[in-house]
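Before any comments, here is the structure.
The values are calculated or read from the model by the stated rules, or taken from the named source; none is laboratory data. Everything numeric in this text was worked out from a predicted model, so none of it was measured. Backbone-built Cβ (ideal geometry, glycine too); neighbour counts: all protein chains shown. Just so you know, the surface numbers come from the protein's heavy atoms only, side chains and all, with ligands and any DNA or RNA stripped out. Shrake-Rupley method; radii C 1.70, N 1.55, O 1.52, S 1.80 Å.
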Amino acid sequence: QQQQGFRPLDEASLVAYIKATPALAARLGGRLDALTIKEVGDGNLNFVYIVLSDAGSLVIKQQALPYIRLVGDSWPMSRERAYFEASALQKHRALCPDHVPEVYHFDRAMSLIGMRYIEPPHIILRKGLVAGVEYPLLAEHMADYMAKTLFFTSLLYNSTTDHKKGVAQYCDNVEMSRLTEQVVFSDPYRVAKYNRCTSPFLDNDAAAVREDAELKLEIAELKSMFIERAQAFLHGDLHTSSIMVTPDSTQVIDPEFAFYGPMGYDIGAFLGNLILAYFSQDGHADQANDRKAYKKWILKTIEDSWNFFHKKFVELWNKHKDGNGEAYLPPIYNSSELLSLVQKKYMTSLFHDSLGFGSAKMIRRIVGIAHVEDFESIEDASKRASCERRALNCAKAILKGRRQFESIEQVIVHVQSFDRD
């Protein structure tokens, strides 16, 4: 670990930095004389460099600016988020090595992470969904990732002592959590400087969200849960742009929002973004492809993701029920009937949390600050607005009625009922 002060790297100083850092030089096979370096970050918040030699590759990510790119320096952010991202990658990789890239090097002073280059043909999942590409293993891979990272960082597996240590470590990532509190749970429900929507088409819809008392009561409950409930160690931003895919590989990246929170927040982020992708498809349909078959695939993926997750999570629970987990002590929950009652109650509650958080994530992407490419790439504004309105109405209905759903299949039927003008 190099201990000097922070300085932003450019291509020349990056090469010198790699040469001085054995863990990075080794990944390039020591062949440092003819490196190919490509800067692919958004350039404002993070610098992201892909570094290739003829003997290896890596990615260098440096948290560059102490504020949010989208907004400017009126919204400061600490560079410490690099530490939380690096440690979250390491922690999640230890639990789920198949779906989390390896960190080779972390330099806290420099806010710099050296990690695996997730090579082509991997692309960002969101881009694949916009393009209409099917990923047959996505549901199973994401269920595996969510079940392992959530179960093994919860009190179903850990002692209270270990759990609280983890909570304490990530409490300091509060700036990132506060950002989420504002953009997901607050701004969409009030007049806020950075809110936007597909205007003028959705102006009334956005106003209706701000005037919906029932919605506000529900969102208050979710916001409290998000802030207060340290149920498991979350990725914290598990949408479809934080996942890189090929048809047979799934890699989860960018956990800079990692913190201990309610499990349903991660699960909901993934499912909610798939529902957004579903509602965007009509805007991407053309004469060559009406996207009808693809929409069916998305719905099947949503269904499978929850069902596989449920199955894997309960299997882990059964396997480790006699371990150190503090939530349900074996001498108390000592019959299989009682254990299965407990599990049913737990999983039902988690399902409803996931539906609530997933809906909240959908709403903020339509009337809040940060929108999604799924809709933004639909050029015709009235067509985009029509897709967004269906997604928004669906999300509001699920958020308010989430406790009535008993299965993901019922949710799918509900989603389809909003899929018409």
Amide H of Ile253 versus every other amide H placed in the peptide plane: which residues, excluding those fewer than 5 positions away on the same chain, fall under 5 Å? Ile243, Met244
Spin-label pair Asp10/Ile37, simplified geometry with 7 Å Cα→Cβ offset, distance in nm: 1.0 nm
In whole Hz, what ³J(HN,Hα) sequence does region 136-143 give by Karplus (6.51, -1.76, 1.60; θ = phi - 60°), x for Gly and Pro? x, 9, 4, 4, 5, 5, 5, 4
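Ignoring ligands, DNA and RNA, how do Lys38, Lys127, Lys148 rank by accessible area with a 1.4 Å probe, largest first? Write out the running numbers ahead of the final one.
On the way: Lys38 120, Lys127 100, Lys148 55 Å².
If we order Lys38, Lys127, Lys148 from most to least accessible, we get Lys38, Lys127, Lys148.
Please give the length that would be gained between Glu119 and Glu181 if that part of the chain were fully extended, namely 0.36 nm times their separation in residues minus their C-alpha to C-alpha distance (nm, one decimal). Don't skip to the end; give the middle numbers.
Details: separation 62, 0.36 × 62 = 22.32 nm, distance 3.37 nm.
Contour length minus Cα-Cα distance gives 18.9 nm.
At a 1.4 Å probe, what is the % contribution of carbon and sulfur to the accessible area of region 232-272?
Working: 280 of 550 Å².
C and S atoms contribute 50 percent here.
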Choice from Leu58, Leu202, Leu217 with maximal GNM fluctuation in the chain (Cα, 10 Å cutoff): Leu217
For Lys319, counting only lysines whose alpha-carbon sits under 17 Å away and dropping same-chain residues fewer than eight positions off, the answer is Lys148, Lys311, Lys344
Counting only backbone N atoms under 13 Å from a point 7 Å out along Cα-to-Cβ of Val191, the residues of region 204-226 in range are 207, 210-211
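Once neighbouring chains are kept in place and the probe is 1.4 Å, which whole percent of the accessible area of region 11-116 is contributed by carbon and sulfur? Each step should come with its number before you reach the end.
On the way: 2200 of 4400 Å².
So the carbon and sulfur contribution to the accessible surface is 50 percent.
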Among Lys193/Lys400; Lys61/Lys300; Lys61/Lys193, the pairs whose Cα-Cα distance exceeds 32 Å are Lys61/Lys300
If every Lys and Arg gets +1 and every Asp and Glu gets -1 at its Cβ, then about the Cα centre the chain yields a dipole, in debye to the nearest 20, of 500 debye
Report Thr180's accessible area, 1.4 Å probe, all protein chains in place, as a number in Å² to the nearest 10. 10 Å²
For region 171-181, 3J(HN,Hα) per residue [Karplus equation, 6.51 cos²θ - 1.76 cosθ + 1.60, θ = phi - 60°, Hz, x = Gly/Pro]: 4, 5, 7, 5, 4, 5, 5, 5, 4, 4, 3
Heavy-atom accessible area of Lys296, protein chains in place, probe 1.4 angstrom, given in Å² to nearest 10, is 150 Å²
From phi via Karplus (6.51, -1.76, 1.60), per-residue ³J(HN,Hα) for region 189-196 in Hz, x at Gly/Pro: 9, 8, 6, 9, 3, 9, 4, 8
Rank Val59, Val40, Val314 by mean-square fluctuation in a GNM of the chain with C-alpha springs under 10 angstrom and give only the top-ranked residue. Val40
Name the long-range amide H neighbours of Tyr104: under 5 Å, sequence gap of 5 or more, or other chain; modelled H, no Pro or chain starts. Gly114, Met115, Arg116
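Sorted by average packing, counted as other Cβ atoms within 10 angstrom per residue and highest first, what order do 263-272, 394-403, 334-343 take? If you can, show how the numbers build up before the last one.
On the way: 263-272: 27.7, 394-403: 19.5, 334-343: 12.5.
Going by the mean number of other Cβ atoms within 10 Å, highest first, we get 263-272, 394-403, 334-343.
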Work out how much length Asp248 to Val342 would gain on full extension: take 0.36 nm times their residue separation and subtract the Cα-Cα distance, in nm to one decimal. 30.3 nm
The set of residues whose placed amide H lies less than 5 Å from the amide H of Leu234, leaving out same-chain residues fewer than 5 positions away, is Phe259, Tyr260, Gly261
For a quick check, take a GNM of the chain with Cα springs below 10 Å and name the residue from Asp33, Asp290, Asp374 with the largest mean-square fluctuation. Asp33
